[in-house]
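Working notes for the structure below.
The values are calculated or read from the model by the stated rules, or taken from the named source; none is laboratory data. Computed from a prediction, not measured in an experiment: that's the story for all the values here. With ideal geometry, Cβ positions are generated from the backbone for all residues, glycine too; neighbour counts draw on all protein chains shown. For the accessible areas, the whole protein counts, side chains as well, though only heavy atoms, and no ligand, DNA or RNA atoms are used. Shrake-Rupley method; radii C 1.70, N 1.55, O 1.52, S 1.80 Å.
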Amino acid sequence: MVTASSVGRPKMADEVAASELPVATDTTKRRAPKAPELPIGERRNWLIHQHYIRKDYDTCKVIIKEQLQETNGMCEYAIYVQALILRLEGKIQQSLELFQSCAILNPSSADNIKQVARSLFLLGKHKAAIEFYHEAAKLNEKDWEISHNLGVCYFFIKDFKNAEEHLNLALQINKHDKTFMMLGKVHLLVGATDKAVEVYKRAVEFSPENTELLTTLGLLFLQLGKYQKAFEHLGNALTFDPNNYKAILAAGSMMQTHGDFDVAMNKYRVVACAVPESPPLWNNIGMCFFGKKKYVAAISCLKRAHYLSPFDWKVLYNLGLVHLTMQQYASAFHFLSAAINLNPRMGELYMLLAVALTNLEDAENATRAYEQAVTLDESNPLVNLNFAIFLYNHGDKKGALDQYQEMERKVNLLRDSSNNFEFDPELMDMAQKMGTALQVSDSLVWTKPGKDSKLKPNSATATKTPGAPLGTNQALGQAMSSAASYNKSIQLPTGISKGATMPFEPEPDVEKAPSPPTDPPGSPEPAVSDNPKIRTSKRKTKVEE
């Protein structure tokens, strides 16, 4: 039974408050949602990452050790970072093993496979690295880094075709400066200089403030003889980086090429402050002193360059030239022999060695050296001229005539290849005398320059009296500009600078070796006996990377 008091009875104020109190209490007990619990294997990954990017590797390794103990070595990220730290410490093999463990824990991760390939690359196992990079490419086809590294690996195993293909693919995916640099190197190594120039031009358009690209392109134009464009790009490089020692060294070498030795030395002083132990720097300084006829200082600088880079055949080549100029033939033989051991495919080295042997009165070995020189060299007429003079002095006129005709053939090829081609006047004069001695004057390809002809700076042309006999020491030891002579047609490797050049020393007669000159180098030739002797004249450009 329902009573009246229980139906429709109004509630008192305190009763209403009491009935609403639980609602207010529930509101005060609400809390923010709790962060999800991380798996025990990933709990400290954030802390490992923080210490790693701060380069606090010791603390990072301690946390990694604790994390691996808690997870029984199953934490992928901890193993990955530990492998990166070991690689930074130079422990490549141990890092490789850890990256392989990461790849086992997560075989679908392209990053793990890329790191395995990277470790193999650092160990010099390029073919194995290529296999892993191809596996990573299957997981991520649009990864620029994979294509670039594949190109680098193929580059190191000298598979330039595949290297070019993958580097071009990397540029299609994403353009990077170092990919342009590597692709340019590939083109240069296969002899495609024009393609290399185009690649570097594209690179400069993409990254116009990259001083390394500007300097490389400037040096490439310098190699091709396009001095205006070379100055333009080297100047741009120095505009963005006034202390870029590579560009300064290249500019100094161009000035040195044209005989401005003092200006070049001022440039080299700036470079010496930045890289005082640079072998190319001391080599070029030495050849500046050589151009100024300060031979002792030249040898001192070249010896320093040789100390800093004992396996650089170019420095040894220059040391041989300077010692030949000073008539120190035994020392010249020593340095030229060492240069040949390092670069046995250069014919001009054998020719210089033959001259040193001739002055050491070893005609048999000198003949062998000349034969090797003419076998290796295909474009330098001076090799054949020197060999012809040597054979003439030793009574083999038929062999001398054959070499002289071969020299004429090379001269014609050089003239056909360049309309503005100029030869060393001293070389031309010696060739004319040789032609007269062989009685082939009517077929000479040389035209002796007239009195008003314009010679290059620092050309060493000796004063000659009418009817003077052959074989004197008129130009021994004179410094010449490396911009002169036939070397304009010889292509140089990327990133080179030119040194000075020098004339050749005299060849001995059939019956006796020549006596040392009594006059200083470059003095007018003295009168000699009626028995003529033909001397060789040598002008060789020294290049330096």
Exercise. Within the bounds of segment 302-321, is there any residue that is over 21 Å from N284 (Cα atoms), open to solvent by 10 Å² or more (accessible area, probe 1.4 Å) and assigned to a helix (DSSP H, G or I)?
Worked result: no
Problem set entry | Matching residues, segment 372-382, being in contact with a Phe, Trp or Tyr (Cβ under 8 Å, 6 or more places away or on another chain) and in a helix (DSSP H, G or I) | Q372, A373, V374, L376, P381, L382
Exercise. Out of segment 163-205, which residues are open to solvent by 50 Å² or more (accessible area, probe 1.4 Å) and not in a helix (DSSP H, G or I)?
Worked result: N174, K175, H176, V190, G191
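With the condition kept exactly as written, say whether any residue in segment 67-80 is under 20 Å from N149 (Cβ atoms), in contact (Cβ under 8 Å) with a residue 12 or more places away in the chain, part of a helix (DSSP H, G or I) and under 35 Å from the mean Cα position of the chain (by Cα). Talk me through it step by step, then tell me what you get.
Applying the first criterion (under 20 Å from N149 (Cβ atoms)) to segment 67-80 yields 80.
Retained after the next criterion (residues that are in contact (Cβ under 8 Å) with a residue 12 or more places away in the chain): 80.
Cutting the leftovers down to part of a helix (DSSP H, G or I) gives us 80.
Next, only the ones that are under 35 Å from the mean Cα position of the chain (by Cα) stay: none.
No, that holds for no residue.
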Seminar exercise, completed: Subset of segment 99-142, residues open to solvent by 40 Å² or more (accessible area, probe 1.4 Å), in a helix (DSSP H, G or I) and under 12 Å from I79 (Cβ atoms), comes to Q100, S101, I104, L105
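Conditions tested, residue by residue: (1) open to solvent by less than 30 Å² (accessible area, probe 1.4 Å); (2) of a type in the set (G, A, S).
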site	(1), (2)
A332	yes, yes
L336	yes, no
N343	no, no
L353	yes, no
A356	yes, yes
D362	no, no
N365	no, no
Y370	yes, no
V374	no, no
Exercise. Would it be correct to say that G252 is touching a Phe, Trp or Tyr at 6+ places or on another chain (Cβ under 7 Å) and not charged (D, E, K, R)?
Worked result: yes
